[in-house]
1. Go through A44, A40 for me and flag whichever is modelled with pLDDT of 95 or more, in a helix (DSSP H, G or I), under 20 Å from the mean Cα position of the chain (by Cα) and more than 15 Å from E97 (Cα to Cα).
2. Please work out which one of (1) open to solvent by less than 60 Å² (accessible area, probe 1.4 Å); (2) over 18 Å from F41 (Cβ atoms); (3) in contact (Cβ under 8 Å) with a residue 40 or more places away in the chain is the condition V127 fails and give its number.
3. State whether one or more residues within region 136-148 are part of a helix (DSSP H, G or I), surrounded by fewer than 17 Cβ atoms within 10 Å (Cβ to Cβ), acidic (D, E) and modelled with pLDDT of 95 or more.
4. Filtering region 150-180 down to residues that are in a helix (DSSP H, G or I), touching a Pro at 6+ places or on another chain (Cβ under 9 Å) and open to solvent by 70 Å² or more (accessible area, probe 1.4 Å), which residue is nearest to A111 (Cα to Cα)?
5. Mind telling me which of the residues L95, L76, L84 ends up being of a type outside the set (S, T, N, Q) and out of contact with any Gly (no Cβ under 7 Å at 6 or more places or on another chain)?
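The values are calculated or read from the model by the stated rules, or taken from the named source; none is laboratory data. Predicted, not measured: the structure shown is a model, and the values here were computed from it. Note that we place each Cβ from the backbone using ideal geometry, even for glycine, and neighbour counts take in every protein chain shown. Note: areas computed on protein heavy atoms with side chains; ligands, DNA, RNA excluded. Shrake-Rupley method; radii C 1.70, N 1.55, O 1.52, S 1.80 Å.
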Amino acid sequence: RGRSIAAAAQGLGVHNLARVRANSPRFIEHHLAIGDTRIAFELAAEHSLLFAISEWCGDRQLVITVAEAGEASVVLVPDSSFGLSVAGRRGSRLLLEQDTGSLTNRTRMKARLLGYLRHARSAQVLVLFVTTTDERVIALAKLTADAGKADGLDGRAVWFATNLRVKLGDPLHGRIWQVP
């Protein structure tokens, strides 16, 4: 009902307004999973003598365009990004992708992973994919390794773990990450 009121107030048809998916179950699930991951990192940093987290930026605050000569550019919008300092010294920038398994098109996922590998090479960042199941972790890690190998890139700039391992383990000190 709100869309029709907003459209009428602006003299537009409802079809001219973008649909907000903030109340869809998938959006809510994704948003809550990002929050769970952030809390796990914040708690781990709070108990760490080595790591500290700074500058946590939420989704839609960072848009990355990766362009390679002769290819269409890839636009990446990580779900979050944050700084991780080590022993009081400025550390690394990390990008978080909270994967709910909704992107099932292998070609599109491979393009996204390749985009992250290319960005990681130039920007010296680490990309963390937190996903739903161990099977998805294995599949994404293999897809990343294949994409990187075909492009001459090191797949180790993208790490994978499940939501459960991040929540129950220690994302900063624990051995929960799978690296291609």
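1. A44
2. Tallying (1) open to solvent by less than 60 Å² (accessible area, probe 1.4 Å); (2) over 18 Å from F41 (Cβ atoms); (3) in contact (Cβ under 8 Å) with a residue 40 or more places away in the chain, V127 fails exactly one: (2).
3. no
4. R156
5. Checking each option against the conditions leaves just L95.
Yes/no matrix, rows are residues, columns are (1) modelled with pLDDT under 90; (2) surrounded by 11 or more Cβ atoms within 10 Å (Cβ to Cβ); (3) part of a strand (DSSP E or B):
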residue	(1), (2), (3)
A69	yes, no, no
S92	yes, yes, yes
E97	no, yes, yes
S102	yes, no, no
M109	no, yes, no
L113	no, yes, no
L117	no, yes, no
A120	no, yes, no
